[in-house]
Amino acid sequence: MRHVISPLDFTVEELDQLLDLANDIEHHREKYAHACDGKILATLFYEPSTRTRLSFESAMLRMGGKVLGFSSASSSSAAKGESVSDTLRMISCYADICAMRHPKEGAALVGSMAASIPVINAGDGGHQHPTQTLTDMLTIRSLKGRLDNMTIGLCGDLKFGRTVHSLINAMVRYPGIRFVLISPKELRIPDYTRENVLEANGIPYEEVTSLDEAMPKLDILYMTRVQRERFFNEEEYIRMKDCYILDKAKMALGKEDMLVLHPLPRVNEISVEVDSDPRAAYFRQVQFGVYVRMALILTLLGIQVQ
Ligand code: NCD
């Protein structure tokens, strides 16, 4: 039995297999329609979510499985003081696999230690979000045809954005990857990511504040929302919230084959006028998120479809 707490829980070869499986699912949906008959997925969401929870549920339902769970801490026994460990021990009696989101960093790891079913980290505070990273990787590989040799611009809240942390962790394992980290000084990537991930792996990167200057260099622009819920005070959030707004004028500075990704939800960091640009890939990314979660559920349950 294995859990997925960080993108590094898979080797590069395993990731390739998982993305291949997701591609096969995309092109042969009917083959997988009953792959999870009789299986149950639990979604334990202690923090708000639309896409991640519903894409997990959709993934399981599209393979014939069933789902149960809760979508807020207040509607679960957490409100009565139950620990994550106790909840996970119990959920192991109700389901075959679970996806869990929690506001505290490390909660999924703690939960996985008490569980006797595979636990998937669907976001733990400002730490990691491995299944968003799988979604991002499938999107990039499908639309660009490769995961190596490219310049990835990460823009916005790089301090609290867990999708950014997981994506950096995963992509440093591919040759020829360079990062342009675009953020205000206050929202730069955490020191541990800079030192233990980028510098430790000898990855070329630059930290800049100007999106305009970065634009022409980028093969991928990964926009992120300023993570209001992780700020210590509202004033600081208000000062930061409009730090970058991607609009048509900025898009004009980008390469013709650049892709714009965003884990969503967006607030105002991508103007709606950009949605019709062929380089805007964030809604296609949502569809890839279902295929990759289908592939992940099959892999963790050890189900092979001929
Ligand atoms: C992200 C998250 O929850 O970290 N959303 C998602 O899962 N697609 C990004 C965000 O909330 O800004």
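The values are calculated or read from the model by the stated rules, or taken from the named source; none is laboratory data. All figures in this text were calculated on a predicted structure; none of them were measured in a lab. Here Cβ is always computed from backbone atoms with ideal geometry, including for glycine, and neighbour counts include all displayed protein chains. Remember, those area values only see protein heavy atoms, side chains included, never the ligands or the DNA or RNA. Shrake-Rupley method; radii C 1.70, N 1.55, O 1.52, S 1.80 Å.
Check I245, I189 and return the single one that is within 16 Å of the ligand (Cβ to nearest atom), touching a residue at least 24 places away in the same chain (Cβ under 8 Å) and in contact with a Leu (Cβ under 6 Å, 6 or more places away or on another chain).
Residue meeting the stated conditions: I189.
Can you name the number of the only condition in (1) within 16 Å of the ligand (Cβ to nearest atom); (2) buried (at least 19 other Cβ atoms within 10 Å of the Cβ) that L19 fails?
Just one mismatch for L19, condition (1).
Within the range 144-164, restricting attention to residues that are within 16 Å of the ligand (Cβ to nearest atom) and open to solvent by 10 Å² or more (accessible area, probe 1.4 Å), which residue is nearest to the chain's Cα centre (by Cα)?
Per the stated criteria, the residue is T163.
Determine if the range 60-78 includes at least one residue that is open to solvent by 30 Å² or more (accessible area, probe 1.4 Å), free of Cβ contacts under 8 Å to residues at least 40 places away in the same chain, farther than 22 Å from R293 by Cα and out of contact with any helix residue (DSSP H, G or I) (no Cβ under 8 Å at 6 or more places or on another chain).
yes
Can you name the number of the only condition in (1) surrounded by 14 or more Cβ atoms within 10 Å (Cβ to Cβ); (2) in a loop (DSSP other than H, G, I, E, B); (3) more than 16 Å from the ligand (Cβ to nearest atom) that L198 fails?
(2)
Looking at S112, S92, can you tell me which residue is within 23 Å of L41 (Cβ to Cβ), in contact with a His (Cβ under 8 Å, 6 or more places away or on another chain) and in a helix (DSSP H, G or I)?
Just a single option satisfies the conditions, and that option is S112.
Residue by residue, here is whether (1) crowded, with 17+ Cβ neighbours inside 10 Å; (2) within 16 Å of the ligand (Cβ to nearest atom); (3) at pLDDT 95 or above; (4) not hydroxyl-bearing (S, T, Y) holds:
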| residue | (1), (2), (3), (4) |
| --- | --- |
| Y46 | yes, yes, yes, no |
| R53 | yes, yes, yes, yes |
| P118 | yes, no, yes, yes |
| Q132 | yes, yes, yes, yes |
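For the structure I just gave you, tell me whether L109 is crowded, with 24+ Cβ neighbours inside 10 Å and out of contact with any Pro (no Cβ under 8 Å at 6 or more places or on another chain).
No.
Can you find a residue that is over 29 Å from V164 (Cα atoms), assigned to a helix (DSSP H, G or I) and at pLDDT 95 or above anywhere in the range 31-44?
Yes, there is a match, as at least one residue in the range 31-44 is over 29 Å from V164 (Cα atoms), assigned to a helix (DSSP H, G or I) and at pLDDT 95 or above.
List pairs: first residue in the range 281-300 and among the β-branched types (V, I, T), second residue within 13 Å of the ligand (Cβ to nearest atom) anywhere in the structure, Cβ distance under 6 angstrom, at least six positions apart or on different chains.
Hits for this filter: V290/S55; V292/L134; V292/T135.
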